[in-house]
Amino acid sequence: MKYNAYIFDLDGTLLDTLGDLASSCNYALRTNGLPERTLEEVRMFVGNGVRKLMERAVPNGEANPAFDAAYATFRRHYMEHNLDTTCPYPGVMDMLASLRRNGASVAVVSNKFYAATQELVAHFFGDYITVAIGEREGIRKKPAPDTVIEAMRQLGTGKEGTVYIGDSDVDVMTARNCGIPCISVLWGFRDRDFLVAHGADTFANKASDILLL
């Protein structure tokens, strides 16, 4: 292994959450009399936190009088249904186990709201990941470096020997803003061409590749 500390994005990187995100998004839209979105639309809306997801999903975003109600409905529904279909991507559990066996420090930094990040990481990865940071007040979310810097502080590591792993342009920008390398995974919510266009240069085709990069 090349690095001592591995900090992961969550949605689209460790967990396939798209089905549950889309289900809660469309429940919120439908409940508030708004048009529903396709799975592919929701895929492209994800990456900047759930408020931004709903801003993109609701026609005219925050300017829509129904936005606040739709956003609140989404949060309630998602906390009750975020384990309906969500699961780790193939090879992720073995990869995390290998990292821990080899003494690496592992954390998650996500733009998902804090409560959901904590719940999902504890449920799926409690044996491997003890530091999990989600969106919360008082700290800027990705692509600002703040949450990754906080993860490094909690892990007791610095920039040297730390890598960030994610599936989106937001993750590439986050790593750049932190001054650390980024591994972009190709099984998530963005494809290779999109990632290359946004500055990605190191790629994992499968989870086990992360152990070799």
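Of all residues being in a loop (DSSP other than H, G, I, E, B) and of a type in the set (Val, Ile, Thr) in the stretch 114-139, which is farthest from His81 (Cα to Cα)? Just the residue, please.
Ile139
Out of everything in the stretch 49-70 that is assigned to a loop (DSSP other than H, G, I, E, B) and under 22 Å from the mean Cα position of the chain (by Cα), what residue ends up being surrounded by the fewest Cβ atoms within 10 Å (Cβ to Cβ)?
Gly49
Scan the stretch 93-113 and tell me whether some residue there is more than 19 Å from Cys178 (Cβ to Cβ), within 15 Å of the chain's Cα centre (by Cα) and part of a helix (DSSP H, G or I).
No, the conditions are met nowhere in the stretch 93-113.
Identify, by number, the condition in (1) closer than 14 Å to Ala107 by Cβ; (2) touching a residue at least 24 places away in the same chain (Cβ under 8 Å) that Gly126 doesn't meet.
Condition (2) is where Gly126 drops out.
Within the stretch 17-56, how many residues turn out to be over 22 Å from Gly134 (Cβ atoms), in contact (Cβ under 8 Å) with a residue 24 or more places away in the chain and polar (S, T, N, Q)?
Final tally of qualifying residues: 2.
For Ile149, state whether it is under 17 Å from Leu99 (Cα atoms) and either buried (at least 24 other Cβ atoms within 10 Å of the Cβ) or of a type outside the set (S, T, N, Q) (or both).
So Ile149 does not fit the description; no.
Considering only the stretch 111-132, state which residues are buried (at least 16 other Cβ atoms within 10 Å of the Cβ) and under 21 Å from Glu160 (Cα atoms).
Ile129, Val131, Ala132 - these are the residues of the stretch 111-132 that are buried (at least 16 other Cβ atoms within 10 Å of the Cβ) and under 21 Å from Glu160 (Cα atoms).
Can you find a residue in the stretch 156-164 that is under 12 Å from the mean Cα position of the chain (by Cα), surrounded by 14 or more Cβ atoms within 10 Å (Cβ to Cβ) and touching a residue at least 40 places away in the same chain (Cβ under 8 Å)?
yes
Read-outs: derived from the displayed coordinates by stated rules, not from any lab. None of the values given here were measured: they were computed from a predicted structure. Every residue, glycine as well, gets a Cβ built from its backbone with ideal geometry; the counts of neighbours run over all protein chains shown.
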